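J.: First the structure, which I've put down as structure tokens, then a few questions once you've had a look.
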Amino acid sequence: MKNRIDIMTPNELLDELRSLVAEAEKLMSDQVATPTVEAVSALRDRFKVTQARLAELYADTKDRVIAGARYTDESIRAHPYPSLAIALGVGALAGVLIGRRCGR
């Protein structure tokens, strides 16, 4: 099992990225004080951790999408005619709803 970094929800990750960008902008726009090596290093470390979390979230999401696609493919291949009937019904319903909306 691979070593996983603390998984954040997508919203928590976005908040962390926004915070990181705000700190970087503040650090760069502060004209009175020159950014210290420590401040830049701390910001770089936070960026690396956030980047690793984003990569982990991407990998997990990709795995889930692939698993869902495989399951769907297996279900369709196991039951082709019911799948075709369901697709036809959904398409007909969508066509009726779109036709009613465009007809107004």
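The values are calculated or read from the model by the stated rules, or taken from the named source; none is laboratory data. The shown structure was predicted, so the numbers you read here are calculated from the model rather than taken from an experiment. Counting neighbours? That spans all protein chains shown, and the Cβs are built from the backbone with ideal geometry, glycine included.
J.: Any residue that is of a type in the set (Phe, Trp, Tyr), surrounded by 11 or more Cβ atoms within 10 Å (Cβ to Cβ) and at pLDDT 85 or above - is there at least one of those in the stretch 27-48?
T.: For the stretch 27-48, residues of a type in the set (Phe, Trp, Tyr), surrounded by 11 or more Cβ atoms within 10 Å (Cβ to Cβ) and at pLDDT 85 or above: present.
J.: Something else now. With 78, 94, 87 as the choices, which residue is more than 27 Å from the chain's Cα centre (by Cα), exposed (fewer than 10 other Cβ atoms within 10 Å of the Cβ) and not charged (D, E, K, R)?
T.: 78
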